[in-house]
Amino acid sequence: MRTIACLTGLLLLLVLPARALETENLVTDLQKGGYVIMFRHGATDDSQKDVYPLDFSDMKTQRQLSAKGRETAAEVGQAIAKLRIPVGLVLSSKLNRAVETGKLLSGKDVQAVAALTDSGASTSAMASPSGATEKAGAAVRALVNTPPAGGTNTVLVTHKTNFADAFGKDAGDVGEGEAFVYKPETSGQPKLVARMKATDWTAAASK
């Protein structure tokens, strides 16, 4: 058991610096612009439920960000600003939890669009995380594969179902507040270059 513990500790010593270097290199690339950062909205209040069919103007019929969700999104936004990562266009789902997340992340006005709105919003059940909803997935991929304005990064804020529809079941495990960073490829599919949790952003900014 002691040998296993020692080996585990050694592996952590090797992995953590490598992870830190990867994040440092990613930040350097993001500072130059040209990436699309796709977030799942922040943590929500589980005591609230969406009421279908959704009325996007009625906050009482939507699950909202929790206090922790707002705090974490604001911290990530502060980290992105501190890291001097330029943010251009900010698009979100029409649901308020995504709009609010986008504002807290960027400090900018957010444009709510249908393509990023919860693809399970027509029913009370979550869409299957199998990527089967091809039309919804294609609309998300089109946004992800759109090159940002020069010297900026585009921020998208959406839902778990939309991640899965666009990029398959492996993307369906995206956590609340987690981001996938993509490099648009005009001649093919967007390239996933990193997955970033909220703590990754704040850790990078603390150095």
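The values are calculated or read from the model by the stated rules, or taken from the named source; none is laboratory data. Please read all numbers here as calculations on a predicted model, not as lab measurements. Glycine gets a Cβ as well: all are built from the backbone with ideal geometry, and neighbour counts include every protein chain shown.
The residue of segment 67-105 that is surrounded by the most Cβ atoms within 10 Å (Cβ to Cβ), among those that are in contact with a helix residue (DSSP H, G or I) (Cβ under 9 Å, 6 or more places away or on another chain) and either hydroxyl-bearing (Ser, Thr, Tyr) or part of a strand (DSSP E or B) (or both), is Thr101. Filtered by the rule that a residue be without any contact (Cβ under 8 Å) to a residue 60 or more places away in the chain and over 11 Å from Thr101 (Cβ atoms), segment 57-78 gives Ser57, Asp58, Met59, Lys60, Thr61, Gln62, Arg63, Ser66, Ala67, Lys68, Glu71.
Residues that are modelled with pLDDT under 85, more than 29 Å from Thr146 (Cα to Cα) and part of a loop (DSSP other than H, G, I, E, B) within segment 3-54 comprise Tyr52, Pro53, listed in sequence order.
Among the residues that make up segment 150-170, is at least one of them assigned to a helix (DSSP H, G or I), in contact with a strand residue (DSSP E or B) (Cβ under 7 Å, 6 or more places away or on another chain) and either at pLDDT 95 or above or buried (at least 22 other Cβ atoms within 10 Å of the Cβ) (or both)? The answer is yes, given that some residue of segment 150-170 is assigned to a helix (DSSP H, G or I), in contact with a strand residue (DSSP E or B) (Cβ under 7 Å, 6 or more places away or on another chain) and either at pLDDT 95 or above or buried (at least 22 other Cβ atoms within 10 Å of the Cβ) (or both).
Looking across segment 55-66, just one residue is of a type in the set (Ser, Thr, Tyr) and at pLDDT 95 or above, and that is Ser66.
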